[in-house]
1. Between G291, G301, G231, G265, which is among the small types (G, A, S), out of contact with any Pro (no Cβ under 7 Å at 6 or more places or on another chain) and modelled with pLDDT of 95 or more?
2. Output the residues belonging to segment 74-89 that are without any contact (Cβ under 8 Å) to a residue 24 or more places away in the chain and not polar (S, T, N, Q).
3. I need the full set of residues from segment 13-57 which are over 29 Å from the mean Cα position of the chain (by Cα) and not hydrophobic (A, V, I, L, M, F, W, C), in order please.
4. With the condition kept exactly as written, say whether any residue in segment 140-148 is surrounded by fewer than 20 Cβ atoms within 10 Å (Cβ to Cβ), outside the structural domain of I248 (by TED's automatic domain parsing) and at pLDDT 95 or above.
5. Could you tell me whether S27 is assigned by TED's automatic domain parsing to the domain that holds L86, hydroxyl-bearing (S, T, Y), at pLDDT below 95 and touching a helix residue (DSSP H, G or I) at 6+ places or on another chain (Cβ under 8 Å)?
6. May I ask you to verify whether T230 is crowded, with 23+ Cβ neighbours inside 10 Å, in contact (Cβ under 8 Å) with a residue 24 or more places away in the chain and either among the aromatic types (F, W, Y) or within 25 Å of F196 (Cβ to Cβ) (or both)?
7. Of all residues in segment 68-105, how many are buried (at least 21 other Cβ atoms within 10 Å of the Cβ) and of a type in the set (F, W, Y)?
8. From G283, G301, G313, which residue is on the phi < 0 side of the Ramachandran plot, surrounded by fewer than 19 Cβ atoms within 10 Å (Cβ to Cβ), assigned by TED's automatic domain parsing to the domain that holds V181 and more than 13 Å from the chain's Cα centre (by Cα)?
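The values are calculated or read from the model by the stated rules, or taken from the named source; none is laboratory data. If you're wondering where the values come from, they're calculated on a predicted model, not measured in any experiment. Glycine gets a Cβ as well: all are built from the backbone with ideal geometry, and neighbour counts include every protein chain shown.
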Amino acid sequence: MADPRFFLRAGPFSLDELAAVAEAELSRGDGARMFSDVSPLGGAGADHVSFLDNKKYVSEFMASSAGACVVHPDLASRAPEGMDLLLSPDPYRAYARIAAAFYPFPKPEAGISEGAVVADSAKTGDGCRIEPGAVIMDNAVIGRGNWIGANAVIGSGVVLGDDVIVGPGATLSHCIVGSRVMIHPGVRIGQDGFGFAMGPQGHLKVPQIGRVIVGNDVEIGANTTIDRGTGPDTIIGDGCKIDNLVQIAHNVQLGRGCIIVAQVGISGSTKLGDFVAAGGQVGFAGHLNVGAGAQVAAKSGVMRDIAPGMTVGGIPAQPIKEFWRQTALLQKLSRDSKPDRNKKP
């Protein structure tokens, strides 16, 4: 059960209501039965809804006391007696919808704090909440229903769409942000990129005169940095989900729906196609093209272009089967090279 000091719970909901929310099929159970909360399999009770999306947890599923569970049809026969079932080909996605019904994201209570500083030339839409210490600078445009957290800074000329959340302590400059974007605490968007004309006589700073363009429905994790472009813009496509502590350099372009996990670094002018996924701590060299749907395993070093749909891993990154084959061979060579201490000289 979520801590009520931090999370406001809605409900209860009937099983029929939950099936509709989850876009799942009620396979077993009374549609009028009421449920009060969601819970993991191991801690669930009779009025809780849980889910199973990984075969590793089938034994926990079989022993669970959850009143209802979202499960793939192939595993429904393993359910314990008395458990109501909601069948879905994608149980985790269905569960996400149910959890969001019980714990909807809070709507901001409109109002501008007396401790906020809002420039006279700035424009704020209806229903905005601007918290203490926030600064909205000259000619910034804030759309409807925005929530600007404490001590956040919205720089001159910045444009935010509707229903944008800017977390405490974030700073935005030189950027245009779409609607329904969530920017977590400590994010930095629009600072100048790392651009220098290097030479023995000294490193000359190159003016960074581009912007950052953030699409709709993007989420940017805490303490992530996104540099503005040198002249071309840095672009974050619609629906991208960026984790904490990610570095995105100048002129980078992310297509739609990219998933960028924590501590990834993307060097300047690299382009990722639609729905590229990069695991934690991946490093991309600059000026690369990564095709749509490519996947990069965690801690990989990407130094060459990646074809669409390819999965790669390792340092340097290579097709994942080759990486596994080489890893297995190295392990075998290591084992074979160890001296046999039981062998007599």
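1. Working: G291 fails: out of contact with any Pro (no Cβ under 7 Å at 6 or more places or on another chain); G301 fails: out of contact with any Pro (no Cβ under 7 Å at 6 or more places or on another chain); G231 fails: modelled with pLDDT of 95 or more.
Only one candidate qualifies: G265.
2. If the condition is that a residue be without any contact (Cβ under 8 Å) to a residue 24 or more places away in the chain and not polar (S, T, N, Q), then D74, L75, R78, P80, E81, G82, P89 are the ones that fit.
3. S14, D16, S27, R28, G29, D30, G31, R33, G45, D47
4. Yes, some residue in segment 140-148 is surrounded by fewer than 20 Cβ atoms within 10 Å (Cβ to Cβ), outside the structural domain of I248 (by TED's automatic domain parsing) and at pLDDT 95 or above.
5. Yes, satisfied.
6. Details: crowded, with 23+ Cβ neighbours inside 10 Å: no; in contact (Cβ under 8 Å) with a residue 24 or more places away in the chain: yes; either among the aromatic types (F, W, Y) or within 25 Å of F196 (Cβ to Cβ) (or both): yes.
Against the criterion (crowded, with 23+ Cβ neighbours inside 10 Å, in contact (Cβ under 8 Å) with a residue 24 or more places away in the chain and either among the aromatic types (F, W, Y) or within 25 Å of F196 (Cβ to Cβ) (or both)), T230 does not qualify.
7. 2
8. Numbers: G283 fails: surrounded by fewer than 19 Cβ atoms within 10 Å (Cβ to Cβ); G313 fails: surrounded by fewer than 19 Cβ atoms within 10 Å (Cβ to Cβ).
Going through G283, G301, G313 in turn, just one is on the phi < 0 side of the Ramachandran plot, surrounded by fewer than 19 Cβ atoms within 10 Å (Cβ to Cβ), assigned by TED's automatic domain parsing to the domain that holds V181 and more than 13 Å from the chain's Cα centre (by Cα): G301.
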